[in-house]
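The values are calculated or read from the model by the stated rules, or taken from the named source; none is laboratory data. Because the structure is a prediction, the values reported are computed rather than measured. Ideal geometry is used to build each Cβ from the backbone, glycine not excepted, and the neighbour counts take in all protein chains shown.
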Amino acid sequence: MICRLVNLQIRLLIMQKIQKTFWTIVLSLFGFTLSAQRDTELIFIVDNDQIMADDEFEIDSLGYYNYSDEGGGNDNNCVEFTYFPWMPGYGLYRNFDISQMHYKHSSQIVTDTLVLGSYCHPAKYPITSKYGKRRRRMHYGYDIGYPHGTPVAAAFDGIVRISKNTAGGYGELIVVRHGNGLETYYGHLSKRLVNLGQLVKAGDTIALGGSTGRSTGNHLHFETRYLGIPFNPNRLIDFEKYCLKADTFHIRANAEAITLLTQSTIDKYAQITSTGSSSGTAANSAGGTYHNNGYIYYRVKSGDTLSHIAGRYQTTVSKLKSLNGLRSDFLSIGQRLRVK
């Protein structure tokens, strides 16, 4: 047993050195460095015949692992990768944790505008169970019944945050993080075809369907969450026509619930509450802002870049510049940008 531990530790050390050297060379070509990443010592312990890490240690050149036994459960473990600007959701999410199935936002969620972009239905089969309470247990998604081995497609562009073969009741699970605050869950899979950190496009086959985990038959558990808060995917998606109900929604959120409003709903509300002005603002927030003319504006905050804003609202830097008459990438805090 001791020999196996020593051999494993040596292999991990060699792998880390190789990975760190590789990523240092690659990132240096693009002007990045890994100086902000801490190098810490590997210390292994054995608990119930499982090899674990004591304290904190680097798992590769992009991330590090925190081990904590507070509460006596795995929910306190955190494997967190460095969040690079090119990764979807950078600047919106607080971390890129690959150990926790459910992201927990550490600050208040503000009202914002959700722009969805390209969409592909995960699997074009009938619904077998909907969002809501089921046998005294909350069911946080839609179940799509399909034959074993059916290809499962990514709903939107994004990056794989979770790819696990044993994720509790989910069975084999994939979670894809998108650049607009959404995460989509794909559960009860028979085979996962993507890895952690892999970029995917809407329509890419990411898995094959199955019945793993807490499941009584072959089906896909499809779930949507906004900054960690689950909501009914039927608000976004027409599961009978296999398409989005709208490409843009206004979000009102608190710590427990998400409300999604469409453009037409906002416009109707504005007409009811307006005092006669045809250009009054229907909704205003620290993020996107709806106007009666259908335009969406964004108020620049500290740390924002054109690239981050473009990714969040499913547009491009060149289009943002064109819409706002910008000649450079320079932004000032408080500046208002039209994003759509």
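Tabulated data for the structure shown
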{"read-out": "For Met101: the one exception among (1) under 30 Å from Thr315 (Cβ atoms); (2) in contact (Cβ under 8 Å) with a residue 60 or more places away in the chain; (3) of a type outside the set (Gly, Ala, Ser); (4) not assigned by TED's automatic domain parsing to the domain that holds Asn218", "value": "(1)"}
{"read-out": "Considering residues of the range 83-104 that are buried (at least 17 other Cβ atoms within 10 Å of the Cβ) and over 16 Å from Val160 (Cβ atoms) only, the residue modelled with the lowest pLDDT", "value": "Gly91"}
{"read-out": "Residues of the range 204-220 that turn out to be part of a loop (DSSP other than H, G, I, E, B) and more than 19 Å from Tyr142 (Cβ to Cβ), as a count", "value": "1"}
{"read-out": "Filter result for the condition that a residue is part of a strand (DSSP E or B) and assigned by TED's automatic domain parsing to the domain that holds Gly132, over His148, His188", "value": "His188"}
{"read-out": "Qualifying residue in the range 273-293 (condition: over 30 Å from Tyr131 (Cβ atoms) and either crowded, with 16+ Cβ neighbours inside 10 Å or modelled with pLDDT of 75 or more (or both))", "value": "yes"}
{"read-out": "Top-ranked residue in the range 226-249 [being of a type outside the set (S, T, N, Q) and part of a helix (DSSP H, G or I); ranked as modelled with the lowest pLDDT]", "value": "Arg235"}
{"read-out": "Within the range 113-154, considering residues that are on the phi > 0 side of the Ramachandran plot and under 24 Å from the mean Cα position of the chain (by Cα), the one surrounded by the most Cβ atoms within 10 Å (Cβ to Cβ)", "value": "Gly117"}
{"read-out": "Hey, Ser118 out of contact with any helix residue (DSSP H, G or I) (no Cβ under 9 Å at 6 or more places or on another chain), at pLDDT below 85 and outside the structural domain of Asn180 (by TED's automatic domain parsing) or not", "value": "no"}
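To keep it simple, each residue is scored yes or no on (1) more than 13 Å from the chain's Cα centre (by Cα); (2) on the phi > 0 side of the Ramachandran plot; (3) free of Cβ contacts under 8 Å to residues at least 12 places away in the same chain.
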residue	(1), (2), (3)
Gly168	yes, yes, no
Leu173	yes, no, no
Leu182	no, no, no
Ser190	yes, no, no
Val200	no, no, no
Ser211	yes, no, no
Gly228	no, yes, no
Phe231	yes, no, no
